Amino acid sequence: MRLALIHNPRSRRNRRDGKAFVRQASAWLGDGFLQPQSHEEMEAMIRRLAARKTPLIAINGGDGTVSDVLTRICHAYPADALPRIAIFPSGNTNLIAKDVGFQRRGLAALKQLMEETERLGFIIRAPLQVSWPDESQPSRLGMFHGSTGYARAIAIAHSPHVLRYAPHDLAVGVTLLATFGSLARRRQRETWLNGDPARLETAEGVIADGRSFLFIATALHHLNRGIWPFWRKQSDAQDGLHFLNVKDHPTHLVRATWSLLRGRAENWLRQSPDYASGCVQDMWLHSPSDFVLDGEVLSPGEGGVIKLSRGPRFTFLHD
């Protein structure tokens, strides 16, 4: 089997397609068309693909589906024989596809992938890997991580009312606005501003130790609509995990929000002790706060420590 496609029938855009895509894709791919109904079934399917040494896997779903599939591929395939990946933007949020995947979707994307495989462009990228030092959970791969205030804001930004009216390619911007917009409600203001306990450290030392209003990190190189709330120091690596930490009770928050949503880290922002950003190869986050990985809320476990690092390098095909 040269190509397998993992299809999430529950993703927003796939639901709109109805059964037409499923019928045609099944006819084209035969037993290479996979439609898992549970995480356990997906894991079993990917292990069979690994046993067959399937060299190309397409993912038809959103960011959460991509994260799930990459994680299970990493656990099933040898590290030196990972399949090439093609991502079709068919979910509620499609940050990953916008950066390393197809812009087309549906049958048009699948047809192009089948007919032009060796002529397509490609990007080599290492996803963000989340691991638990106490080994309470297996490691996970994803592209966008958020904790402290970001995790709370996900519940607001992903509410049915917001999802119905907000542009879905503004997922990060909408969530950041939900975080900062919470300050307009007097009852919640102090709770949000007070943040959550958080200690951030790398092999070089401690980045922040105290309380965090917002922490985000990503292995993506681009977000949508020019949003890029990160910056690097000259000494930082060119490629790695970009992060932003905002301390509790940050000064000039409205001004900072406006700058970051426009992708402009002005000098005052870079020099402020309330805002820290950079690009690292790995870091440890000590916090009892739940965190979000590509839309899924996860727990740091009883130890309250997770490690963020660069995962294995994948080759992503794009149109």
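Read-outs: derived from the displayed coordinates by stated rules, not from any lab. Since we're looking at a predicted model, the values are computed, not measured. Note that each Cβ is placed from the backbone with ideal geometry, even for glycine, and that neighbours are counted across all protein chains shown.
Modelled spin labels at Arg313 and Asp274, positioned 7 Å past Cα toward Cβ, are 4.0 nm from each other.
Against the longest alpha carbon principal axis of the chain, how many degrees, from 0 to 90 and to the nearest 10, is the axis of helix 63-76 turned? Taking Cα atoms only, the helix is inclined about 70 degrees. Each label was represented as a point 7 Å from its Cα along the Cα-to-Cβ direction; for Arg48 and Asp80 these points are 2.9 nm apart.
Of the Cα atoms belonging to the stretch 4-126, the radius of gyration and Dmax stand at 13.3, 38 Å. Extension gain for the segment Thr117 to Val297, taken as residue separation times 0.36 nm less the Cα-Cα distance, is 61.3 nm to one decimal. Could you state, as a whole-number percent, how many of the C-alpha pairs of the stretch 251-319 are farther apart than 21 Å? Of all Cα-Cα pairs in the stretch 251-319, 54 percent lie more than 21 Å apart.
For the chain, take the longest principal axis of its alpha carbons; what is the angle in degrees between that and the long axis of helix 106-115, to the nearest 10 within 0 to 90? Helix 106-115 sits at roughly 60 degrees to that axis. As a length-normalised measure over Cα pairs under 8 Å and 6 or more apart, the relative contact order of the stretch 4-126 settles at 27 percent. Of the options Gly106, Ile207, Asn8, report the single residue whose Cα projects farthest towards the positive end of the charge dipole of the chain (beta-carbon charges: Lys, Arg +1; Asp, Glu -1). Of the candidates, Gly106 comes out farthest on the positive side. The sum of -39500 (n - 2.57) across all DSSP H runs of n ≥ 4, divided by the residue count of the chain, sets its helix-only mean residue ellipticity at 222 nm to -9500 deg cm²/dmol. Which one is right for this structure if semi-axes √(5λ) of the Cα gyration tensor in Å is calculated from it: [x] 35, 21, 18; [y] 36, 25, 20; [z] 32, 24, 20? Recomputing semi-axes √(5λ) of the Cα gyration tensor in Å here picks out [x].
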